[in-house]
Amino acid sequence: MTEEVLFYRRFIDDVRRCAAGGAPASVAEIESRIGVALTAGPERRERSWARVVAAVNELLAGVPERALGPAARLRAFVRENADLGRPRDLAITDFRFTTAVDGVLTAHDGRRYLVFAPIVPATPTPVLDEVVPPGTRRLAECAVYALCGGAATAALWFAFIVPV
């Protein structure tokens, strides 16, 4: 006998004991779902086991929380597989970073770390030099310097030379 067959028999026996003869339709449904889950292909396996977990959870709704033996084993099974059928959370492994390695940094304890090159943006943001032509820029600089210089000269003139 394979481990799957042993698991199947033990699991169904636990389900039957928890139902205590009171829910033959639920037991038959769980048996059917377990059979489908054991023979499901890789693309359908997780969804099939999620259906088994849901059916077992429904069966355990009528069993007291402190029940031991088969009920405790089935509750452990439901707790361990509670995440089946739920959408996965994003993890760092879901992202892909395409970068060039710039070098290797070796710490004093011998561990090595990769140092990545900075990522240059695909379209650089325009700078003032690229927007304003050079001649216009020089003319604006001269006008600002002349205005500020004239204001400074007038301030000195009126502060020190013109008597009050």
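Where a number appears in this text, it was derived from the coordinates with a stated rule and is not lab data. If you're wondering where the values come from, they're calculated on a predicted model, not measured in any experiment. Counting neighbours? That spans all protein chains shown, and the Cβs are built from the backbone with ideal geometry, glycine included.
Within the listed set 29, 141, 43, the Gaussian network model of the chain (springs between alpha-carbon atoms below 10 Å) gives the highest mean-square fluctuation for 141. Summary of packing: across the peptides 47-55, 143-151, 74-82, the per-residue average of other C-beta atoms within 10 Å ranks them, highest first, as 47-55, 74-82, 143-151. The value obtained for the range 27-82, namely the Cα convex hull volume divided by the number of residues, is 73 Å³ per residue.
What shape does the range 1-64 take by its C-alpha gyration tensor, where a ≥ b ≥ c are the square roots of the eigenvalues and a/c under 1.5 counts as rounded, a/b above b/c as prolate, and the rest as oblate? Here the range 1-64 falls in the oblate category. Labels on offer are (1) 18.7; (2) 24.1; (3) 16.2, and the one holding Kirkwood radius over Cα pairs in Å computed from this structure is (2).
As a proxy for reagent exposure, 34, 119 were ordered by neighbouring Cβ count within 10 angstrom, fewest first; the result is 119, 34.
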